[in-house]
Each structure stands twice: as C-alpha cells, then as structure tokens.
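The values are calculated or read from the model by the stated rules, or taken from the named source; none is laboratory data. Bear in mind that the values here come from a model prediction, so they are computed numbers and not experimental data. Here the Cβ positions follow ideal geometry from the backbone for every residue, glycine too, while neighbour counts run over all protein chains shown.
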C-alpha cells in the first residue's frame, strides 16, 4: 500500500479563504496596502509591520482582500492593544478608523 500525500488545501478547502496569509488575493492586497501606508496609522511613528483587518477574516472572509477593511499598525503590541482592544485576538474594534481620526484631530 503506497502512502498518498494529499495536499493541505484539498483536505482543508476553506482554510485558504479564512486565513489572509494563505489566500493569494488577500496577501497581494495586504502587500499593496502596506506600500501605500508605510507608517502606522495609529501613531504615525514607526514603519508598518502589521496589517489589521477591522472586521476579522474569521467573521467576514469575503473582506480579507478589501483595502477598506485594513488598517496599518506599527507593531504587534499596537495591533493587539488598539485593534483588538487588548482582550484577546478574537475581539475587535469596529470603529477603529473613527477613533484614529478623532485622535489625530485632537493631537493625542
């Protein structure tokens, strides 16, 4: 009996849609978004290292490649504290763009 190796994506067809790192269109969109937003949209100080999905991919996989659903973050810590409210990685802040805009207007 020969060992047949079935590729991961054939065994798990929905995984590539759920994970933005594995979906080609989402990765391409995230790379383009990172080029357009080279600094953190929250503090404007550091280079963009992380792209936060405002509405998480596990909730709305169809928005994984949508630039309107992305927010550039400077670090993983900022991503966790600001984008996910510092609670856990499954929670999210829906009005993140509005909060960031008010923060910039007030100069905080």
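Go through region 60-89 and report how many residues are in a loop (DSSP other than H, G, I, E, B), in contact (Cβ under 8 Å) with a residue 24 or more places away in the chain and over 19 Å from residue 43 (Cβ atoms).
3
Can you find even one residue in region 90-103 that is free of Cβ contacts under 8 Å to residues at least 24 places away in the same chain, under 16 Å from residue 34 (Cα atoms) and either surrounded by fewer than 11 Cβ atoms within 10 Å (Cβ to Cβ) or under 10 Å from the mean Cα position of the chain (by Cα) (or both)? So that I can check it myself, show each step before the final result.
Just the residues of region 90-103 that are free of Cβ contacts under 8 Å to residues at least 24 places away in the same chain, to begin with: 91, 95, 98-99, 101-102.
Of the ones still in play, those that are also under 16 Å from residue 34 (Cα atoms) are none.
Checked against the condition, which is being free of Cβ contacts under 8 Å to residues at least 24 places away in the same chain, under 16 Å from residue 34 (Cα atoms) and either surrounded by fewer than 11 Cβ atoms within 10 Å (Cβ to Cβ) or under 10 Å from the mean Cα position of the chain (by Cα) (or both), region 90-103 yields no hits at all.
Suppose we keep only residues that are within 17 Å of the chain's Cα centre (by Cα) and either farther than 25 Å from residue 77 by Cβ or modelled with pLDDT of 80 or more (or both) within region 1-26. Which one would you say is surrounded by the most Cβ atoms within 10 Å (Cβ to Cβ)?
26
Going by the structure shown, is residue 51 closer than 13 Å to residue 26 by Cβ and either in a loop (DSSP other than H, G, I, E, B) or in contact with a strand residue (DSSP E or B) (Cβ under 8 Å, 6 or more places away or on another chain) (or both)? Working first, answer last.
Values: closer than 13 Å to residue 26 by Cβ: yes; either in a loop (DSSP other than H, G, I, E, B) or in contact with a strand residue (DSSP E or B) (Cβ under 8 Å, 6 or more places away or on another chain) (or both): yes.
It is true that residue 51 is closer than 13 Å to residue 26 by Cβ and either in a loop (DSSP other than H, G, I, E, B) or in contact with a strand residue (DSSP E or B) (Cβ under 8 Å, 6 or more places away or on another chain) (or both).
Step by step: first the residues of region 27-44, then only those that are surrounded by 13 or more Cβ atoms within 10 Å (Cβ to Cβ), more than 13 Å from residue 69 (Cα to Cα) and out of contact with any strand residue (DSSP E or B) (no Cβ under 7 Å at 6 or more places or on another chain), then the one that is modelled with the lowest pLDDT. Which residue is that?
By that ranking, first place goes to 27.
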